[in-house]
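Enquirer: Sharing a structure, written as structure tokens. Questions coming.
The values are calculated or read from the model by the stated rules, or taken from the named source; none is laboratory data. Note that the structure is predicted; figures quoted are calculated from it, not measured. The accessibility values were calculated without ligands, DNA or RNA, using every heavy atom of the protein model including side chains. Shrake-Rupley method; radii C 1.70, N 1.55, O 1.52, S 1.80 Å.
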Amino acid sequence: MKLNERSLAFYATCDAPVDNAGFLYKKGGRHAAYHRRWFVLRGNMLFYFEEPASREPVGVIILEGCTVELVEAAEEFAFAVRFAGARARTYVLAAESQAAMEGWVKALSRASFDYLRLVVRELEQQLAAMRAGDCPPPPRRPRALPPKENGCAVWSAEAGPRPGPAPPPLPPRRRAWTPNGPPHAGSFARLHEWYGQEVRALRSQWLGSRAQP
């Protein structure tokens with residue numbers, strides 16, 4: 001497909017979601033001055049405008065075959081977009097904060113088809129390894145629920161796997177009441193009396209300690 005300036009302008013300003021957008025300082029090609037521009041990243045194309053409301057971009061950078069790296073420059077938070085070749089141009093950009101710079105470097109590093117090709121290749125290798133049995137397949141969902149009686153699920157105690165969820169855990173066993181321990185919680189009066197004995201004994205000890213000179 002052949003692209004012209006009109007097609008690029010439409011693609012740069014369409015309503016489709018962008019991969020990244022924001023203000024960056026762009027160093028001029030022949031001059032050392034930085035100009036504040038509004039940058040929009042769509043796919044592997046980095047457009048820059050005079051203002052966010054501009055209808056046409058000032059220029060576009062095709063990011064295929066580029067490398068993004070941090071550089072030391074007069075502006076803080078600077079990074080460069082470099083291309084291979086003796087006559088290839090290097091674009092020096094600067095963000096307005098550390099977080100913005102990290103976001104732009106990450107987004108631009110992933111904007112080329114070479115990166116997408118590596119991602120697809122890695123996913124294909126993972127899929128091939130899973131099909132070969134190197135990775136366990138995901139667990140299968142049960143085909144059917146166990147039979148029900150009176151609206152409750154019934155689990156069989158027979159040996160062998162059965163479809164459906166695992167049986168529920170057994171309820172905890174109740175401890176038998178001993179003469180030295182607290183009575184059964186079902187008798188509130190006995191429970192109150194048993195704990196009251198300990199409280200009264202502790203109160204008597206406390207009163208006795210206060211009475212001593």
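Enquirer: Using a probe of 1.4 angstrom, how much of the accessible area of segment 21-71 is carbon and sulfur, in percent?
Expert: Answer for segment 21-71 is 50 percent, counting heavy atoms of protein chains only.
Enquirer: Can you tell me how much longer the chain between E96 and R36 gets when fully stretched, taken as 0.36 nm per residue apart minus their C-alpha distance, in nm with one decimal?
Expert: 20.6 nm
Enquirer: Follow-up. Can you give the extra length, in nm with one decimal, that the chain gains between A21 and V119 once fully stretched, where that is 0.36 nm per residue apart less the Cα-Cα distance?
Expert: Between A21 and V119, full extension yields 32.9 nm more.
Enquirer: Here is a follow-up. Using Stokes-Einstein with the Kirkwood hydrodynamic radius over Cα pairs, what translational diffusion coefficient do you get for segment 1-87 at 10 °C and a viscosity of 1.306 mPa s, in µm²/s rounded to a whole number?
Expert: Taking Rh from Cα pairs, D becomes 112 µm²/s.
Enquirer: Turning to a different aspect of this structure: Over segment 24-69, what per residue volume does the convex hull of the Cα atoms give, in whole Å³?
Expert: In segment 24-69, the Cα convex hull volume per residue is 91 Å³.
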